[in-house]
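Let me begin by presenting the structure, written as structure tokens, before commenting on it.
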Amino acid sequence: APAADARRFAADRRIVGLVLKSSSRPHRDACAAASVCGGLVATCSRDGVLKLSKLADGILRPQRTLAASKLRLAGCALDDAGAVAVAAGEDRHVAAYDSETGRLKCRVEAHEAAVSCLALRGPSVATGGWDAVVKLWAVADLTAPDAEPYLELVD
């Protein structure tokens, strides 16, 4: 049966036109999230590291390794332009970085408990926490140390 599975996989790959060119292991610990914008890839892991890499010719080349937290990260995302990378996790903070330089733009305490998820769409970042609260932040506001969410959803 393994040979049949291999043939079926090869046929499926031809149907959708996907061919694995290379693989990469950007983290030493489990990867928690990934985000792609153009040729830029952001990944974060349980070791608190946010990595920014360039994808070119099917090869992932690390550009920046950022110690975003001393605790586990739950999520990371790139803005639509790929200029800002945002990460959040168990330390209750949201951190925004300049993707080009790796410079920390903003780090704010986002929740009263660990941040369990993060999503970025257009001009907004959504965070959810173990405090059962969802908060919406403007990406543009995550450049100031006193950034605050523009909406909090509490049950």
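The values are calculated or read from the model by the stated rules, or taken from the named source; none is laboratory data. Note that this is a predicted model, so its numbers are computed, not measured. FYI the Cβ positions are ideal-geometry reconstructions off the backbone, even for glycines, and counts take in every protein chain you see. Ligands, DNA and RNA are excluded from the accessible area calculation, which covers all protein heavy atoms including side chains. Shrake-Rupley method; radii C 1.70, N 1.55, O 1.52, S 1.80 Å.
Provide the net charge surrounding Gly129, with neighbours chosen by a C-beta distance below 14 Å and charges set as Lys +1, Arg +1, Asp -1, Glu -1. The partial results should precede the final answer.
On the way: positive: Arg72, Arg92, Lys135; negative: Glu90, Asp91, Glu109, Glu112, Asp131, Glu152, Asp155.
So the surrounding residues net to -4.
Averaged per residue, what accessible area in Å² does the stretch 47-155 show with a 1.4 Å probe, protein chains only?
So the stretch 47-155 comes to 52 Å² accessible per residue, rounded to a whole number.
Which aspartates and glutamates have a Cα less than 15 Å from the Cα of Lys105, not counting those fewer than 8 places away in the same chain?
Cross-link targets: Asp79, Asp141, Asp146, Glu148.
For the stretch 25-145, give the magnitude of the charge dipole about the Cα centre (Cβ charges: +1 Lys/Arg, -1 Asp/Glu; no others), in debye to the nearest 20.
On the way: 15 positive and 13 negative charges, 76 e Å.
Charge dipole of the stretch 25-145: 360 debye, to the nearest 20.
Expressed in nm to one decimal, what extension gain is obtained for the pair Gln63 and Ala138 from 0.36 nm per residue of sequence separation less their Cα-Cα distance? Kindly include the intermediate steps, with their values, before the conclusion.
Working: separation 75, 0.36 × 75 = 27.00 nm, distance 2.58 nm.
Length gained, Gln63 through Ala138: 24.4 nm.
Which far-off residues, 5 or more places away or on another chain, put their amide H under 5 Å from the one on Arg46, with H placed in the peptide plane?
Ala30, Ala32, Leu73
Place the peptides 140-151, 106-117 in order of packing, highest mean first, counting for every residue the other Cβ atoms within 10 Å and averaging per peptide.
So the peptides 140-151, 106-117, ranked by packing, come out 106-117, 140-151.
Would you work out what percent of the accessible area of the stretch 20-103, with all protein chains in place, is carbon or sulfur (probe 1.4 Å)?
48
Would you mind calculating the gained length between Val36 and Tyr150 on full extension (0.36 nm times residue separation, minus the Cα-Cα distance), in nm to one decimal?
Net length gain for the segment: 38.5 nm.
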